[in-house]
Amino acid sequence: MLNGFKKALVLSLVALLAACGGGDDNDPGTITEVAKSDTRLSILGEAVTAAELADTLSGPGPYTVFAPTNDAFAALLEGGVFKIDLVDSALRITDGRNRSSRIVQTDIIASNGVIHLIDKVLLPADKTLVQTALGTPSLSILVEAVTAAGLVDTLNGAGPFTVFAPTNEAFAALLGELGVTKDQLLANKPLLTQVLTYHVAPGRVLKAEVPVNTPIKTVQGGTFTVTPALTITDQRGRSSRIVATDVFASNGVLHVIDKVILPAP
């Protein structure tokens, strides 16, 4: 089923050279190994593996690979609110309503382009960030907090925004950490506003576009960093894991996290 995709990937990324430099005692690893070890090429590594090309690009070669970065793949997907997952050697598209569609046949060539057959009609996003969170049971406390802080209109606005959304369990852990009840936290609007806006970044930043080990500026004004393993470090040195990514909304995207992050005291 994926022969067309494999062929397209090889033809677009790899050129066979007649000759190449000799061996080197300081072996940097095969093309596959280099791609998988370079955080800028993680999506290419996933694509090569899903297309069953890892062995080919670990072979004797020699090859020249024109390697798209993660940003290049992200730009490819910016044509709409869709993303493509490479899962179990199958191409899947997630549409704007977070529905999954499978590509069942690829590379049907036309005179002015190419057609890929999918098994589900794609639909654009129809819910805002707040509405999307409202429809997710594990984010119900986040919705309560956004409402209590008076941020509903903001997060229903045009945006786009990227929200790092703490789960109910994350809020429960925060209450124990701060030694307060949920009612006390929700009643403290200044603190609540600071905390919540620290979880919001301007723009729509998909997983593939998250800058790693680089300060990400938030709407609150503070920054946090994200590691290649998708662990957030806040301004108090606390860690939170991103446990779900790229939940689409009409005015941005949600990434779910397992711990509330906090700005500097």
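The values are calculated or read from the model by the stated rules, or taken from the named source; none is laboratory data. The shown structure was predicted, so the numbers you read here are calculated from the model rather than taken from an experiment. Positions of Cβ are backbone-derived with ideal geometry, glycine not excepted, and every protein chain shown enters the neighbour counts. Heavy atoms of the whole protein, side chains included, go into the accessibility calculation; ligands, DNA and RNA do not. Shrake-Rupley method; radii C 1.70, N 1.55, O 1.52, S 1.80 Å.
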key: Conditions (1) among the hydroxyl-bearing types (S, T, Y); (2) part of a strand (DSSP E or B); (3) farther than 25 Å from G96 by Cα; number of the one not met by T162   = (3)
note = Residue hits (the range 123-138; part of a loop (DSSP other than H, G, I, E, B) and either open to solvent by 50 Å² or more (accessible area, probe 1.4 Å) or not aliphatic (A, V, I, L, M) (or both)) are L123, P124, D126, K127, T128, G135, T136
ask   = So T49 clears everything in (1) among the polar types (S, T, N, Q); (2) modelled with pLDDT under 75; (3) open to solvent by 50 Å² or more (accessible area, probe 1.4 Å) except one condition, right? Which one?
value = (2)
inquiry  = Restricting to the range 139-158, and then to whatever is open to solvent by 30 Å² or more (accessible area, probe 1.4 Å) and part of a helix (DSSP H, G or I), can you tell me which residue is farthest from I257 (Cα to Cα)?
reply    = D153
task = Please work out if K120 is in a loop (DSSP other than H, G, I, E, B), within 30 Å of K182 (Cα to Cα), open to solvent by 40 Å² or more (accessible area, probe 1.4 Å) and modelled with pLDDT of 75 or more.
result = no
inquiry  = Kindly evaluate P202 against the criterion of being in contact (Cβ under 8 Å) with a residue 24 or more places away in the chain, surrounded by fewer than 15 Cβ atoms within 10 Å (Cβ to Cβ) and touching a helix residue (DSSP H, G or I) at 6+ places or on another chain (Cβ under 7 Å).
reply    = no
query = Which of the residues spanning the range 207-265 are among the hydroxyl-bearing types (S, T, Y) and open to solvent by 20 Å² or more (accessible area, probe 1.4 Å)?
reply = T214, T223, T225, T227, T231, T233, S239, T245, S250
request  = Name every residue in the range 212-242 that is closer than 17 Å to P160 by Cβ and assigned to a strand (DSSP E or B), in order of residue number.
outcome  = I216, K217
query = When the range 243-253 is examined, which residues are found to be in a strand (DSSP E or B) and touching an Asp or Glu at 6+ places or on another chain (Cβ under 8 Å)?
reply = V243, F248, V253
Number of the exception - Q184 against (1) surrounded by 16 or more Cβ atoms within 10 Å (Cβ to Cβ); (2) in a helix (DSSP H, G or I) = (1)
key: Among the residues listed as T167, T193, the single one being within 29 Å of S250 (Cβ to Cβ), out of contact with any His (no Cβ under 8 Å at 6 or more places or on another chain), crowded, with 19+ Cβ neighbours inside 10 Å and of a type in the set (S, T, Y)   = T167
message = Considering only the range 24-46, I want to know if a residue exists there that is among the small types (G, A, S), at pLDDT 70 or above, in a helix (DSSP H, G or I) and closer than 16 Å to K207 by Cβ.
response = yes
message = Tell me yes or no: at least one residue of the range 55-75 is more than 25 Å from A229 (Cβ to Cβ), touching a Gly at 6+ places or on another chain (Cβ under 9 Å), in a loop (DSSP other than H, G, I, E, B) and modelled with pLDDT under 80.
response = yes
